[in-house]
Amino acid sequence: MEHKKETRQFKTEVQKLLKLIINSLYSHPEIFLRELISNASDAVDKVRFKAQTDPDILKGDGEFRIRIVPDRENRTITIEDNGIGMTYDEVIENIGTIAQSGTKAFLEAIEEMKKKDTIAPELIGQFGVGFYSSFIVADKVVLLTRAAGEEKATRWESAGDGSYTIEEAVKPSRGTAVTLTLKERGEDDPDYTDEWTIRDIVKRHSDFVGYPIVMDVERTEPIPDAEVIRDKDGKPIGSTTRSAVRPETLNSMKAIWARNKSEVTEEEYTEFYKHISHDWNPPLAHVHLKLEGTTEYQAILYLPAKVPFDHFMRERRHGIHLYSKRVFIMDDCRELMPEYFGFIQGVVDAPDLNLNLSREILQHDRLVQNIRKNLVKRLFDLIEGLDPEKSDQFYQEFGPILKMGIPTDHENRERISKLLRYRTTKSEGKLVPLSEYVARMQAGQEGIYYITGENASTLKDSPHLERLKEKDLEVVLMTDPADEWVVQSLGAFEGKKFVSAEKGDLGTEKVDEKKKHEFEELFALIREELKERVKDVRASTHLRESIACLSGEAHDMSPYLEKILRASGQKTEPVKRILEVNVDHPAVYNMKFLYEKNSTDPVVRDYARLLLDLALIAEGERVEDPAHFSKTVGRLMAEASTVEELMKGEAIEV
């Protein structure tokens, strides 16, 4: 058989990634051992699950284990498992390319953190590159693996210098062994071949792994009495002890979710979270559940402190690990959490689940649906019970994700809405719940006034809010794209309807009918001039100081939603809006005067186009013809004194 061996170069971005990992990423280098043990545990989980339907895959080796082999003399440490193993092609795919499509996002996250002079170790695990943390402590890494059910093995080797070799090899049994040739120790550096150093790391970071983590240790033990040589008086001749090497299990292997809450310390909860999530930050909060009865399950669920960096990637994995009687089923159980809780990390052990479950069966399994309903309820209880500081932190991180549940989860829509927070025209930049807005509503106020857009500062100064501010009415400033769907889906909060400040009649101001009639002929000319761009021209019920704004009918799509849909690539017909004109503004009186003096004067039509441009600028939008806008403003400024003199001559009272 021809011996297959290749030398391959890492891609440019992967070489950059390796350099970052090796030189600057970890401030706690011992975490490499946690990452390799975690990978080994995952591999054993997978072969154990596969064996439920294919027992022959184990070939008599059903005693699962993870072995650590330190070699002080040769300065190496090996982490070995008898898990699922990998084929030649799987090694190239899973090891050679580093996190595959996640590499770019990983690098972007690193660059962003470098700007803040901080590098977060949680990036390693979250982007699936925990294996490469080995290079923080190793000059060379050799991986020897054999996939379950295969005869051939694969050997992978790299010094982290931009290339690796991969070749076919021989390995007597399935599983993976990762051997690190350790770097030279500094005077204060820990010795990763030392028994007690290894014990300490395993105890702190991997004590909850469900398989024995074993290591051969040398101990002095008594010689069995029958083997002791004695003199004629029965006294031992020579030593009664000897040195012996025995395998010892370093971890407790206790399923933390199966223990009583009173037995588990906060430190243990935190370490277990880090083990399953690969997140270096401690969790924000957790809940430990044990339900007995018709539906039985045990679970630990965690609220992370920060949104995972890969959360919005298409390939991301959900954080719920599903077990049945402590037998691993899957680590990406989307069926137990709604999408808006996709950031939740944890473990669920349901003893009555069928181990031979497909995703299709899970989606329709009544037991799974009951567990999901209970878990979601307890998560809401947990979030609602957070102290004010943690509650603020949670919403800052996860608020936009939670909003996804408003249009998709009718049953829990009300509970989600109570968690939402917004800036308002009176909140002084702080995020406040809608319940606080409702509590401040004026007597007789029937609706929750809101406005949507990209920037809270711009929205706060929007012309649409002038009449509302004059009457001291508070307005909710919605700047998240999801808010468009939130208000449409909710319709109301605590019985108070949402009322857009930029659509329809606010009901706060009525236009004087006599004054409205005075401007009707002028408005007819403006309608004719702008008929291709606006649906109507009306006297404004929104404006107090500004000259013009654009509004919509109550049922119209908002301009922000239109912009969102266009940005997402959806084709939408442009929505014509209503040009509202402030009939109390002096400039509008000037325009009326010029129209009445000479209705064919081209300056009046320039004014009409200028009104629309000013309304667009007030919203932060671009004018259709910037050059024409600039020329018109310049000319009108030059002619302003002439108009003033004409008006004085006509004794027009403004």
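So here's what we get for this one:
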quantity	calculated
Whole-Hz couplings from phi, Karplus 6.51/-1.76/1.60, listed for region 161-166; x for Gly and Pro	9, x, 9, 8, 10, 9
Between helix 366-384 and the chain: long-axis angle, C-alpha atoms, 0 to 90°, nearest 10	70
Neighbourhood charge, 11 Å Cβ-Cβ cut-off, centred on Glu296 and excluding it, Lys, Arg +1 and Asp, Glu -1	-1
Relative packing of peptides 132-145, 210-223, 275-288 - highest average C-beta neighbours within 10 Å first	132-145, 275-288, 210-223
Counting DSSP beta bridges with both ends in the chain, the antiparallel % (nearest 5)	75
Share of carbon and sulfur in the accessible heavy-atom surface of region 463-603 [1.4 Å probe, %]	48
Residues whose placed amide H lies under 5 Å from that of His321, excluding near-sequence neighbours	Gly346, Val347, Val348
Neighbourhood net charge (15 Å Cβ-Cβ; Lys/Arg +1, Asp/Glu -1) for Lys373	0
3J(HN,Hα) from dihedral phi, region 197-207, Karplus parametrisation 6.51/-1.76/1.60, rounded to Hz, x for glycine, proline	5, 5, 4, 4, 5, 5, 4, 6, 10, 9, 5
Rounded to whole Hz, the Karplus (6.51, -1.76, 1.60) HN-Hα couplings of region 80-90, x for glycine and proline	10, 9, 10, x, 5, x, 9, 7, 4, 5, 5
Cα gyration tensor shape of region 496-602, rounded if a/c is under 1.5, else prolate or oblate by comparing a/b with b/c	oblate
The chain: relative contact order in percent, alpha carbon pairs under 8 Å with at least 6 residues between	9
Stokes-Einstein diffusion coefficient of region 342-473, Kirkwood radius over Cα pairs, 10 °C, 1.306 mPa s, in µm²/s	88
Reciprocal mean inverse distance between Cα atoms of region 321-419 - Kirkwood radius, Å	14.6
Where the chain is the region considered: accessible area per residue in Å², 1.4 Å probe	50
Dipole in debye (nearest 20) - region 210-266, about Cα centre, beta carbon charges: Lys, Arg +1; Asp, Glu -1	140
Cα-centre dipole for region 563-623 with unit charges at Cβ (Lys and Arg positive, Asp and Glu negative), debye to 20	320
Proximal charge balance of Gly495 [Cβ under 13 Å; K/R count +1, D/E count -1]	-1
Listed peptides 236-243, 515-522 by packing density, highest first (mean Cβ within 10 Å)	515-522, 236-243
Ranked by how many other beta carbons lie within 10 Å on average, peptides 395-402, 612-619 from highest	612-619, 395-402
Per-residue [θ]222 nm for the chain (sum of -39500 (n - 2.57) over DSSP H runs n ≥ 4, rounded to 500)	-10500 deg cm²/dmol
Shape call, region 149-306: gyration tensor on alpha carbons, a/c limit 1.5	oblate
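The values are calculated or read from the model by the stated rules, or taken from the named source; none is laboratory data. Remember, predicted model here, so these are calculated numbers, not experimental data. Don't worry about glycine lacking a Cβ; one is built from the backbone with ideal geometry, like all the others, and counts go over all protein chains shown. With ligands, DNA and RNA removed, areas are computed over all heavy atoms of the protein, side chains included. Shrake-Rupley method; radii C 1.70, N 1.55, O 1.52, S 1.80 Å.
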